[in-house]
Amino acid sequence: MNKIMIKATFIVLWAAGINWASGCMETQEKQQQEIPKDDPVNIVLEKLNKTTLSLKSYQSRIEYKYVQPILESEALHKGVFYYTKSNGQSALSINFNTLKQDDEKEQKYIEQYIVLGGNLLPRSNPELKGIWLAHLDHQIREVKYYQLAEPNDPNSSSEVFELASRKLPMLGFSKIEDLKKQFEVTLVEQNKGESEEFIQVHLKVKPNSIYKDDYISIDFWIDKKLNLPAKIIAVKCEPEPPFGDIEEIKFIKPKVNQSINNKVFELKIPKGFGEPEIFPLERKKY
């Protein structure tokens, strides 16, 4: 399951009205025209962006479900999500504690995902420079580092949500400029009950998007009271469409701009773990 999560990358939502060919084939199509400022989509995104940019901290229970329709199988991870931003620096940590596979009983299953940079990087690995995603699997006592940005890259100062979205679909927290560049954005009409609490945003992957090989579409639901994402569902390109696997993330009982102990962002590798595997970014070829 952990390998699927990393290979697949992080989320926001239920899939609706899918045209899978747009995201997983190399066909060309017209790019979406610039959204007028008075368009409902733009109004929703601007309001969302204003809230996410003003976030100082965020914590909630988190549920991550991975569904494989062809195999009629699903795995549900539960844990805690943490985010903080101070003095231009941000950090993100996800601690999964349990796993429920299909109809089996829920069991203890510990996995950690931490976005690291600056002083948070372990001194025992001096080659780790820039921004990294650390994944700790406590079942097999394994730790892996995935580089998200190099130290001399302008992206190294980017918001962690924006960087993490390349490995984990957290796109509802991303800048609206990035959403418009990578996706065709539309609003989905909700039924009467949901329309009072949530706004659903549908993201259709553009042919030239950096997500075109990973996802067909992504949806996220905005909590109207908090004006922040409450649920994310992403439909993957694998296996063969239209039977792509589905990733779903739910943020439950969130606490916004409340104090968080910085220790939750510290990377501590327990004794008995193997030597870390390090996966740097691929060098660009010119």
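The values are calculated or read from the model by the stated rules, or taken from the named source; none is laboratory data. All figures in this text were calculated on a predicted structure; none of them were measured in a lab. Keep in mind that these areas ignore ligands, DNA and RNA; they rest on the heavy atoms of the full protein, side chains included. Shrake-Rupley method; radii C 1.70, N 1.55, O 1.52, S 1.80 Å.
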Let me check something: with ligands and nucleic acids excluded, how do 72, 196 order by accessible area (1.4 Å probe), largest to smallest? 72, 196
When all protein chains stay in place, what accessible area (Å², nearest 10, 1.4 Å probe) is found for residue 250? 80
Probe 1.4 Å, all protein chains in place: accessible area of residue 39 in Å², nearest 10? 50
Order by accessible surface, 1.4 Å probe, largest leading, for residues 187, 128 comes to 187, 128
To the nearest 10 square angstrom, what accessible area does residue 146 show with a 1.4 Å probe? 30
Could you give me the ³J(HN,Hα) list for region 205-211, computed from phi with Karplus coefficients 6.51, -1.76, 1.60 and θ = phi - 60°, whole Hz, x at Gly and Pro? 5, 6, x, 9, 5, 5, 9
